[in-house]
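The values are calculated or read from the model by the stated rules, or taken from the named source; none is laboratory data. Source: prediction; values computed, not measured. Here the Cβ is made from the backbone with ideal geometry for all residues, glycine too, and neighbour counts use every protein chain on show.
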Amino acid sequence: MIEQNFEPKIVAFCCNWCSYAGADLAGTGRLKYPENVRIIRVPCSSRVEVQMIMRAFQNGADGVMVAGCHPGDCHYDTGNYHTRRRMMLLQSLTSFLGMDPDRFIVKWISGNEAAKFKSTVEEFNETLKKLGPADKVRDQRCGI
Amino acid sequence: MRNITNELREIAEDLLESKKVDVVLGYAKGEQPYQSVPFAAKKKEDVENLIFDIFSYSSLSKYLLDDMYRGKKVALVLKGCDYRGLKIMLDESRVDRDDLYLIGVECRGVLEKSKLKKKIDATLFETTLDLKEDKLAISSSKENVEVPYEDVLSPYCLACEFSTPHKEEVDIILGEPGKMTNKELTTDECFAEIGQIEKMDEKQRFEYWKKQLNRCKRCYSCRNACPVCTCRVCLFDRENPSYLDSDTSQLAQHQFYHVIRAFHISDRCVGCGQCSRVCPENIPLHLLNQKLIKELNKFYGSYLPGVDEQPAPLSFAKADDPDPFEKEEK
């Protein structure tokens with residue numbers, strides 16, 4: 001059963017140099033995007049470890065987004081290539097375990113792509129609304 | 001197999017007598033039938049307990065991280081997969097090669113007790129095993145059966161590509177070179193279950209793993225037995241932030257533990273199968289590891305941890321890697 005008026009919780013790990021700046025620009029540009037996204041600023045998208053993503057799901061997130069610089073634009077040269085390798089592997093493992101691969105997305109958003117940030121979050125929010133709460137991966141004791 | 005045991009005892013006695021090493025880490029007969037347990041021979045008298053047989057499962061290299069062995073000269077008995085685990089530890093400078101005396105043994109695979117039990121009516125207590133060319137003769141008071149060796153061999157061994165350490169890498173090799181079995185299987189054939197699970201739809205997959213993972217008692221045997229899982233302070237033992245608690249009724253916590261465990265050893269798994277073998281609940285944990293190996297091989301080319309000299313696939317990344325995330329956007 002999918003609840004009516006279900007508002008998904010999104011955790012977005014945003015890279016300090018591109019995606020966070022993009023989100024910031026969306027804010028200063030007064031672009032409206034769904035407010036149910038919680039942004040966590042990380043120094044680089046490759047800082048995001050598997051346990052952070054899994055823990056977000058456990059503790060209440062319905063969707064997790066990892067956003068980094070476009071490949072080739074990384075502030076640290078190769079950080080997001082590492083992200084790409086690891087996240088690809090994580091996605092195939094979680095879908096092998098029968099978890100929903102659509103609940104976890106990786107996007108490349110640069111500092112001036114405020115509109116892309118907005119549209120990505122909106123799109124993701126819509127997908128999650130259709131999917132409903134992420135009970136499969138939720139720790140039932142956290143009471144959300 | 002018998003001659004390896006005898007050779008091993010001779011070597012061990014020699015090493016201990018001449019004070020070349022302080023301790024010889026090997027296997028001894030366990031209390032259960034057909035069980036070999038890790039054994040440390042420190043004196044000349046201990047040497048006669050040393051054995052090597054088709055039940056010598058566990059990798060001994062992890063004991064080297066113990067404070068007890070720090071700064072001591074240790075001789076180590078190594079099968080192919082054990083050597084691969086040790087090689088990773090050597091590459092990461094976790095142990096000093098100068099402190100080690102490596103005794104490589106010709107491995108013909110280890111037996112799977114559950115497979116063996118299916119072949120006989122009598123209990124394991126009553127039977128004796130005799131290994132011939134490629135047949136295993138099992139005899140008890142009731143029956144005498146001869147089964148092909150590969151039928152009772154552990155599935156991980158059937159897919160093994162590196163059964164014995166190389167001559168240059170170890171100090172001595174015991175036994176005579178030979179093929180493991182007549183049957184040669186590819187990894188895909190040995191782990192056919194992966195293909196079956198991949199074919200299921202998402203809901204079935206979830207139900208399958210729910211059934212498996214919910215049995216987990218979080219005893220951490222799989223972590224402790226793994227030859228490449230060697231962090232000094234494990235993420236799961238850390239108190240702040242504490243990632244897991246003692247509650248084992250939550251599927252999410254099992255998923256968390258097993259995803260991270262498999263992921264942390266993804267590009268270093270040597271495929272010894274010890275994680276599944278030690279699991280008291282028989283959870284097919286190796287499937288998770290094999291799935292990751294399969295994916296890594298598919299995307300980044302084949303890589304054998306602990307054998308290949310090139311860097312591990314997750315330790316570097318390239319600009320022209322496949323990008324599944326970018327494609328969605330265009």
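Taking B:Asp171 as the residue in question, decide whether it is modelled with pLDDT of 90 or more, away from chain A (no Cβ under 13 Å) and out of contact with any helix residue (DSSP H, G or I) (no Cβ under 8 Å at 6 or more places or on another chain). Give the steps one after another, and end with the answer.
Numbers: modelled with pLDDT of 90 or more: yes; away from chain A (no Cβ under 13 Å): yes; out of contact with any helix residue (DSSP H, G or I) (no Cβ under 8 Å at 6 or more places or on another chain): yes.
Yes.
Conditions (1) part of a loop (DSSP other than H, G, I, E, B); (2) more than 12 Å from the chain's Cα centre (by Cα), marked per residue:
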{"residue": "A:Ala12", "(1), (2)": "no, no"}
{"residue": "A:Ala26", "(1), (2)": "no, yes"}
{"residue": "A:Pro34", "(1), (2)": "yes, yes"}
{"residue": "A:Ile53", "(1), (2)": "no, no"}
{"residue": "A:Ala56", "(1), (2)": "no, no"}
{"residue": "A:Ala61", "(1), (2)": "yes, no"}
{"residue": "A:Met65", "(1), (2)": "no, no"}
{"residue": "A:Gly72", "(1), (2)": "yes, yes"}
{"residue": "A:Asn80", "(1), (2)": "no, yes"}
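Anything in the range B:92-136 that is at pLDDT 80 or above and small (Gly, Ala, Ser)? List them, or say none.
B:Ser93, B:Gly104, B:Gly109, B:Ser114
Restricting attention to the range B:199-222, which residues are assigned to a helix (DSSP H, G or I), within 14 Å of chain A (Cβ to nearest Cβ), free of Cβ contacts under 8 Å to residues at least 60 places away in the same chain and touching a helix residue (DSSP H, G or I) at 6+ places or on another chain (Cβ under 7 Å)? Step through it out loud before you land on a result.
Quick first cut of the range B:199-222, residues assigned to a helix (DSSP H, G or I) only: B:199, B:202-213, B:221-222.
If we keep only those that are within 14 Å of chain A (Cβ to nearest Cβ) too, we end up with B:199, B:202-213.
Keeping just the survivors that are free of Cβ contacts under 8 Å to residues at least 60 places away in the same chain gives B:199, B:202-211.
Within the range B:199-222, B:Arg205, B:Phe206, B:Tyr208, B:Lys210 qualify.
Go through (1) at pLDDT below 90; (2) in contact with a helix residue (DSSP H, G or I) (Cβ under 8 Å, 6 or more places away or on another chain); (3) not charged (D, E, K, R) for B:Ala262 and report which single condition fails.
(1)
Condition (residue is in a helix (DSSP H, G or I) and farther than 19 Å from B:Ser276 by Cα) applied to the range B:70-86: is it met by at least one residue? Can you show your working first?
Taking the range B:70-86 as the starting set, the residues that turn out to be in a helix (DSSP H, G or I) are B:80-86.
Among the residues that remain, those that are also farther than 19 Å from B:Ser276 by Cα are: B:83, B:86.
Yes: the range B:70-86 contains one or more residues that are in a helix (DSSP H, G or I) and farther than 19 Å from B:Ser276 by Cα.
What's the number of the only condition in (1) surrounded by fewer than 15 Cβ atoms within 10 Å (Cβ to Cβ); (2) touching a strand residue (DSSP E or B) at 6+ places or on another chain (Cβ under 7 Å) that B:Leu8 fails to meet?
Here B:Leu8 clears every test but (1).
Of (1) more than 9 Å from every other protein chain (Cβ to nearest Cβ); (2) within 17 Å of the chain's Cα centre (by Cα), A:Leu90 satisfies all except one. Which?
Here A:Leu90 meets the rest and fails (1).
Given the residues A:Arg30, A:Arg38, A:Arg47, which is the only one that is free of Cβ contacts under 8 Å to residues at least 60 places away in the same chain, within 30 Å of B:Ser315 (Cβ to Cβ) and not small (Gly, Ala, Ser)?
Values: A:Arg30 fails: within 30 Å of B:Ser315 (Cβ to Cβ); A:Arg38 fails: within 30 Å of B:Ser315 (Cβ to Cβ).
Exactly one residue qualifies, and that residue is A:Arg47.
Hey, could you check the range A:42-51 for residues that are within 12 Å of another protein chain (Cβ to nearest Cβ) and within 20 Å of A:Thr78 (Cβ to Cβ) and say which is nearest to the chain's Cα centre (by Cα)?
Quick first cut of the range A:42-51, residues within 12 Å of another protein chain (Cβ to nearest Cβ) only: A:45-46, A:49-51.
With within 20 Å of A:Thr78 (Cβ to Cβ) added as a condition, the list becomes A:45-46, A:49-50.
Details: A:Ser45: 11, A:Ser46: 13, A:Glu49: 13, A:Val50: 13 Å.
Among residues in the range A:42-51 that are within 12 Å of another protein chain (Cβ to nearest Cβ) and within 20 Å of A:Thr78 (Cβ to Cβ), the one nearest to the chain's Cα centre (by Cα) is A:Ser45.
Might you check whether a residue that is in contact (Cβ under 8 Å) with a residue 60 or more places away in the chain, in contact with a strand residue (DSSP E or B) (Cβ under 9 Å, 6 or more places away or on another chain) and more than 18 Å from A:Glu35 (Cα to Cα) occurs anywhere in the range A:82-101?
Of all residues in the range A:82-101, those in contact (Cβ under 8 Å) with a residue 60 or more places away in the chain come to none.
No, because not a single residue in the range A:82-101 is in contact (Cβ under 8 Å) with a residue 60 or more places away in the chain, in contact with a strand residue (DSSP E or B) (Cβ under 9 Å, 6 or more places away or on another chain) and more than 18 Å from A:Glu35 (Cα to Cα).
Would it be correct to say that B:Glu161 is of a type in the set (D, E, K, R), closer than 28 Å to B:Leu185 by Cβ and not in a strand (DSSP E or B)?
Details: of a type in the set (D, E, K, R): yes; closer than 28 Å to B:Leu185 by Cβ: yes; not in a strand (DSSP E or B): yes.
In short, yes.
Only helices (runs of 4 or more DSSP H) wholly contained in the range B:241-318 count here; list those with 2 or more residues that are crowded, with 22+ Cβ neighbours inside 10 Å and within 12 Å of chain A (Cβ to nearest Cβ). Working first, answer last.
Working: elements: B:251-264, B:274-278, B:286-300.
Result: B:251-264, B:286-300.
Tell me the residue from B:Val105, B:Val95 that is within 26 Å of B:Val74 (Cβ to Cβ) and in contact (Cβ under 8 Å) with a residue 60 or more places away in the chain, please.
On the way: B:Val95 fails: in contact (Cβ under 8 Å) with a residue 60 or more places away in the chain.
When all the criteria are applied, what remains is B:Val105.
Just to be sure, is A:Ile39 more than 29 Å from B:Gln196 (Cβ to Cβ), more than 11 Å from chain B (Cβ to nearest Cβ), in contact with a helix residue (DSSP H, G or I) (Cβ under 9 Å, 6 or more places away or on another chain) and of a type outside the set (Ser, Thr, Tyr)?
Yes; evaluated as a whole, the condition is true for this residue.
To keep it simple, each residue is scored yes or no on (1) surrounded by fewer than 21 Cβ atoms within 10 Å (Cβ to Cβ); (2) closer than 29 Å to B:Asp130 by Cα; (3) polar (S, T, N, Q).
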residue	(1), (2), (3)
B:Ser56	no, yes, yes
B:Arg70	yes, no, no
B:Leu76	no, yes, no
B:Asp82	no, yes, no
B:Ser93	yes, no, yes
B:Asp96	yes, no, no
B:Tyr101	yes, no, no
B:Val105	no, yes, no
B:Lys115	yes, yes, no
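Return the total of residues in the range A:96-144 being part of a helix (DSSP H, G or I), within 10 Å of chain B (Cβ to nearest Cβ) and touching a Cys at 6+ places or on another chain (Cβ under 9 Å).
Matching residues across the range A:96-144 total 0.
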